[in-house]
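The values are calculated or read from the model by the stated rules, or taken from the named source; none is laboratory data. Values in this document were obtained by computation on a predicted structure and should not be read as measured data. With ideal geometry, Cβ positions are generated from the backbone for all residues, glycine too; neighbour counts draw on all protein chains shown.
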Amino acid sequence: MKTNFHTHHELCRHAGGNAEDYIKEAVKHGFTEIGFSDHAPNDTYDFGYRMRDEDFLQYVNDINTTKRRYSDILTTYIGLEIEHLYDNGEYHNQFKDHLDYFILGQHFIFVDKDPKKRISSFGLTSKEEIIEYGNILCDAMKTKRYKIVAHPELYLYGYLDFDATAEQVARQICECANRTNTILEYNGNGYRRDKIQTNEGMIHPYPRQSFWNIAEEYNVRSILSSDCHSPKQLYDDTMKEVEEIYSKLSTRKVTYFEQF
Ligand SMILES: [Zn+2]
Ligand SMILES: [Zn+2]
């Protein structure tokens, strides 16, 4: 692994480490590029553990001042992992002038497209809910705001069996990704989560092989991320194991920011 574009920051209040802590770890492992994508603030809807609205500029300043000090060793980019909302882009526009990219991290689906009426993407159980998850990912990708979709198969976390509906959603996501030139993420952080019982046995909730079989069929663009919430997770034993599995995929792999 030489790059990672899904890196968190202590300002989200459930990760540890500031910009320098992560950059030092990246340098230690010989990375050439790192991108920060902490959870975007949203005090209005209170999505849970996120940085506060008032902390956003501190996030930007911490990364920008640190990146200059290390610029001869590695290149640092700044982004956010952010939810899609059904607005006209106002939510994203308040951040985007400070950023190089957005990652879509859709941790919720919405009833009637209303962020106040939300269901966690980790707990979807019905066919209707996972179909809605596919729809919101596609609607998000169509806006072209996002370079990467984080853990696209998150809908399988609660909807355990990869049945015909789960396959249909996987196909919809892959088809939309190709049509909009969006990169799908192979998220190593899922391998840090406890195994769950599915119709394919006891497995980590994501990355999910049945989803990635479809992704291979569509020959999607993909990227490997650690989604690290502490500096040591940037490239630990779990990531080395995930990297090995990812290396066997036949998708169109993206590694560097200029390929975005
Ligand atoms: Zn997080
Ligand atoms: Zn993340």
> Restricted to segment 219-256, and to residues that are farther than 14 Å from residue 26 by Cβ and in a strand (DSSP E or B), which residue is farthest from ligand 1 (Cβ to nearest atom)?
Replying inline: 252
>> Can you find a residue that is within 13 Å of ligand 2 (Cβ to nearest atom), touching a His at 6+ places or on another chain (Cβ under 6 Å), touching a residue at least 12 places away in the same chain (Cβ under 8 Å) and not in a loop (DSSP other than H, G, I, E, B) anywhere in segment 13-26?
In response: no
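Residue-by-condition table, conditions (1) modelled with pLDDT of 95 or more; (2) in contact with a Lys or Arg (Cβ under 9 Å, 6 or more places away or on another chain); (3) more than 19 Å from residue 255 (Cβ to Cβ):
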| site | (1), (2), (3) |
| --- | --- |
| 198 | no, yes, yes |
| 202 | yes, yes, yes |
| 209 | yes, no, yes |
| 212 | yes, no, no |
| 216 | yes, no, no |
| 220 | yes, yes, no |
| 226 | yes, no, no |
| 232 | yes, no, yes |
| 235 | yes, yes, no |
> residue 231 fails exactly one of the following numbered conditions: (1) buried (at least 18 other Cβ atoms within 10 Å of the Cβ); (2) out of contact with any Phe, Trp or Tyr (no Cβ under 6 Å at 6 or more places or on another chain); (3) under 22 Å from residue 101 (Cβ atoms). What is the number of that condition?
Replying inline: (2)
> If residue 78 satisfies every condition in (1) in contact with an Asp or Glu (Cβ under 6 Å, 6 or more places away or on another chain); (2) closer than 25 Å to residue 191 by Cβ; (3) without any contact (Cβ under 8 Å) to a residue 60 or more places away in the chain but one, which is the exception?
Replying inline: (2)
>> Just the residues that are outside any loop (DSSP other than H, G, I, E, B) and either in contact with a helix residue (DSSP H, G or I) (Cβ under 6 Å, 6 or more places away or on another chain) or modelled with pLDDT under 95 (or both), please, taken from segment 117-139.
In response: 121, 127, 130, 133, 134, 137, 138
>> Checking residue 185 against (1) within 25 Å of residue 258 (Cα to Cα); (2) within 16 Å of ligand 1 (Cβ to nearest atom); (3) part of a helix (DSSP H, G or I): exactly one of these is not met. Which one?
In response: (3)
> Of the conditions (1) touching a strand residue (DSSP E or B) at 6+ places or on another chain (Cβ under 9 Å); (2) closer than 30 Å to residue 133 by Cα; (3) not in a helix (DSSP H, G or I), residue 59 fails just one. Which one is it?
Replying inline: (3)
